[in-house]
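Read through the structure below, which is laid out as structure tokens, and then see the notes.
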Amino acid sequence: MSEKMLKFVKIGQQTPPKRDVNSRKDDFNEIYDEFISDKAKLQSSRCSQCGVPFCQVHCPLSNNIPDWLKLTAEGRLQEAYQLSQSTNNMPEVCGRICPQDRLCEGNCVIEQSGHGTVTIGSMEKYITDNAWEQGWVKPIKVTKEKKQSIGIIGAGPAGLAAAEQLRKDGYQITVYDRYDRPGGLLIYGIPNFKLEKFVVERRTNLLKESGINFELNFEVGKDLTLDQLRKKHDALLIATGVYKAREINIPGSDLDNIFPAMDFLTASNKKGLGDQVAAFDKGIINAEGKDVVVIGGGDTAMDCVRTSIRQKAKSVKCLYRRDKENMPGSAREVANAEEEGVEFVWLSSPKEFKGKNKIEKIIVDQIELGEPDETGRRKPKIKDGSHYEINADMVIKSLGFDPEDLPNLFGNPNLKVTQWGTIKADFDTLETNLDGVFAAGDIVRGASLVVWAIKDGRDVAASIKKFLQSKLIETNKVA
Ligand SMILES: Cc1cc2nc3c(=O)[nH]c(=O)nc-3n(C[C@H](O)[C@H](O)[C@H](O)COP(=O)(O)OP(=O)(O)OC[C@H]3O[C@@H](n4cnc5c(N)ncnc54)[C@H](O)[C@@H]3O)c2cc1C
Ligand code: SF4
């Protein structure tokens, strides 16, 4: 592990430095030190203003990257910030956690000519962090309040982006969330070492100061049904994300110390936020001193292995049934995990969990890859009689997420869903089959990315606005 990385890991997730939530001066920012002041100008000036901005085309928000880089290179940082925030509700979040290698940076013309990409994500983060520091990021000041109200179920990036856009237009907004804090996966899924929690809190506090009302610890389906909520608001948005963890049904699955990824990451994030987490403090859902095995090969699995390293696990293995070339996760994340000391066990699939009460060993089948399946990835096949054992005293299952059964949970069997359980929404308007009920984010797309959730939140806000305007015209006609 490089010295820089080792220092970063040592900072650990469990002992966050005391800090003001409005300050960006945080130990985790050390990795971005190189982007301050003159160096930011230098980095921005590397943009060739090529006239074929593939970076912008491959950014889901169509961010005007060349222009905000040009403004930064000229030292016009406030204008760069104004331009950047005009298309993105959370540029400092995307700058930190977008998979830039697959989006903007992966399509930078300079990268393709072999000179190394302009570090667009870091620049986006720098521009907005600087704006916060300078006091340029201000709550919304509504000039004319509107009477119509919108209920938003889910305080993740899709719900929050929609809330902000609609509040700018003067609508009355209430965001409902079953968690005790707003932010969705930004607060309890994505680990602190990728996205510091003060960055999320700073944003959600700003929305509160903008007059958006948050009803937390409020579970739709339990505290009120969907139809009861519809009666309270002129329009509703469902932005509940996808949370049903995919299971591994093999013998021994009920042994202790086998956890779903979200339980492990939520406990870790809550600890990082200073909460009491009894199961963590008792050493149960805590990787310290343990031989940890994470099963799965996506980005969530990478977050689990890297969190385990930071919790000082004795060893961390990642068990994945395909090989490195066929992994679904970002290559950059895998490289980071390898650099931090994670051992990847490719072409391996768990056959049985063994132990007295707690997990002690995993019997693992060896896999060979067959012909490509319908997704283009080669199909895994068990090699007969090839199994072997590995030691484990903690297992984290990270096999992906499916939507919960929302029609049932919400007490409305008429809400239409697809065969995968995602909500069926009109492609153009994002309206569901229920009048005045819209849907956005992962609950429509399936597990995706923050930047797409923000895009959907902005799009659905525009549709809700149109819907409410026509509803108002209708009401006035009748009156
Ligand atoms: C571990 C992990 C790491 C990730 N890392 C990245 C990354 O690095 N980069 C990236 O771009 N994307 C990442 N993602 C994906 C990204 O977080 C999601 O695509 C994004 O958060 C989806 O936004 P959303 O608003 O649709 O849903 P969510 O963020 O899931 O928010 C949904 C909200 O709805 C609430 N809710 C659900 N049901 C109810 C109910 N019945 N009543 C009230 N509230 C309810 C939930 O509590 C939650 O707060 C990651 C995902 C995971 C799981
Ligand atoms: S939002 Fe994401 S894809 Fe778009 S410019 Fe920023 S980092 Fe790149």
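Put His233, His115, His387, His58 in order of accessible area, highest first, and with a 1.4 Å probe you get His115, His387, His58, His233. Measuring nothing but how far apart in sequence close Cα pairs (under 8 Å, 6+ apart) lie, relative to its length, the chain scores a relative contact order of 16 percent.
Its Cα gyration tensor gives region 328-395 an equivalent ellipsoid, and the semi-axes of that ellipsoid, as √(5λ) in whole Å with the largest first, are 24, 20, 9. Equivalent-ellipsoid semi-axes for region 195-280 (Cα gyration tensor, √(5λ), whole Å, largest first): 31, 22, 11.
To the nearest 0.05, how large is the calculated FRET efficiency for Asp256 and Phe427 if R₀ is 51 Å and r is the Cβ-Cβ distance? Calculated value: 0.65. For region 54-107, the alpha-carbon coordinates run over 29, 20, 16 Å along the three principal axes, in decreasing order. Summary: within the chain, the longest segment free of GluC sites (Glu not before Pro) located in DSSP loops with at most 11 other C-beta atoms within 10 Å is 1-144. With a simple spin-label model that places each label point 7 Å from the Cα along the Cα-to-Cβ direction, the separation between Lys466 and Leu369 comes to 4.3 nm. Work out the P(r) tail for the chain: percent of alpha carbon pairs separated by more than 29 Å, whole number. Cα-Cα pairs in the chain separated by more than 29 Å: 53 percent.
Database remark: amide H of Lys358 closer than 5 angstrom to the amide H of Asp256 (H placed geometrically; neighbours at sequence offset of 5 or more, or on other chains; Pro and chain starts carry no H). Determine the percent antiparallel among the DSSP beta bridges restricted to the chain, to the nearest 5. Antiparallel: roughly 35 percent of the beta bridges in the chain.
For region 189-231, the share of alpha carbon pairs falling in successive 10 Å distance bins from zero is 23, 31, 34, 12, 0 percent.
Lys168 contributes an accessible area of around 90 Å² to the protein surface, as traced by a 1.4 Å probe with all chains present. Per-residue surface analysis assigns Asp299 an accessible area of about 50 Å², computed on protein heavy atoms at 1.4 Å probe radius.
Semi-axes of the equivalent ellipsoid of region 257-385 are 28, 18, 12 Å, computed as sqrt(5λ) over the eigenvalues of the C-alpha gyration tensor in descending order.
Prolate is the label for region 216-261, because a/c, from the alpha-carbon gyration tensor with a ≥ b ≥ c as root eigenvalues, is 1.5 or above and a/b exceeds b/c. Working from label points 7 Å from Cα in the Cα-to-Cβ sense, the Asp263 to Ala278 distance is 1.5 nm. Placing pseudo-labels 7 Å out from each Cα toward the beta carbon at Val478 and Asn213 gives an inter-label distance of 2.3 nm. Per-residue accessible area (protein heavy atoms, 1.4 Å probe) orders Lys125, Lys222, Lys356 as Lys356, Lys222, Lys125, starting from the largest.
Expressed per residue, the C-alpha convex hull volume of region 167-209 stands at 79 Å³. Take the Kirkwood radius over Cα pairs of region 83-147, plug it into Stokes-Einstein at 25 °C and 0.890 mPa s, and you get 181 µm²/s for translational diffusion.
Here region 131-215 is treated as a sphere whose radius is the Kirkwood value from Cα pairs; by Stokes-Einstein at 25 °C and 0.890 mPa s it diffuses with a coefficient of 184 µm²/s. Computed in the context of the full set of protein chains, the accessible area of region 385-439 at 1.4 Å probe radius has 49% of its extent on carbon or sulfur.
Given 4 °C and 1.567 mPa s, how large is the Stokes-Einstein diffusion coefficient of region 149-293 in µm²/s, with Rh as the Kirkwood radius over Cα pairs? Answer from the Stokes-Einstein relation: 76 µm²/s. Overall, the anisotropy analysis places region 403-445 in the oblate class: the square-rooted eigenvalues a ≥ b ≥ c of its C-alpha gyration tensor yield a/c not less than 1.5, with a/b not exceeding b/c. Restriction of the chymotrypsin sites (Phe, Trp or Tyr not before Pro) in region 397-449 to DSSP coil positions whose beta-carbon has at most 10 other beta-carbons within 10 angstrom yields Trp420, Phe427.
In this Cβ point-charge picture (+1 for Lys and Arg, -1 for Asp and Glu), the chain has a dipole of about 800 debye about its Cα centre. The Cα-based radius of gyration of region 340-460, divided by its Kirkwood radius, gives an Rg/Rh of 1.13. Only protein heavy atoms count here; on that basis, with a 1.4 Å probe, Met262 has an accessible area of about 30 Å².
With protein chains left intact and a 1.4 Å probe, residues in the chain average 46 Å² of accessible area per residue.
Ordered from highest to lowest accessible area with the whole protein assembly present and a 1.4 Å probe, Val450, Val460 read as Val450, Val460. Straight-line reach from Lys231: taking Cα to Cα under 27 Å and skipping same-chain neighbours fewer than 8 places apart, the lysines in range are Lys144, Lys146, Lys147, Lys168, Lys208, Lys222, Lys416, Lys424, Lys465, Lys466, Lys471, Lys477.
The values are calculated or read from the model by the stated rules, or taken from the named source; none is laboratory data. Just so it is clear, the structure is predicted and the values come from calculations on it, not from any experiment. Cβ sites come from the backbone with ideal geometry, for glycine too, and all protein chains shown count toward neighbours. The area values use the complete protein model at the heavy-atom level, side chains included, leaving out ligands, DNA and RNA. Shrake-Rupley method; radii C 1.70, N 1.55, O 1.52, S 1.80 Å.
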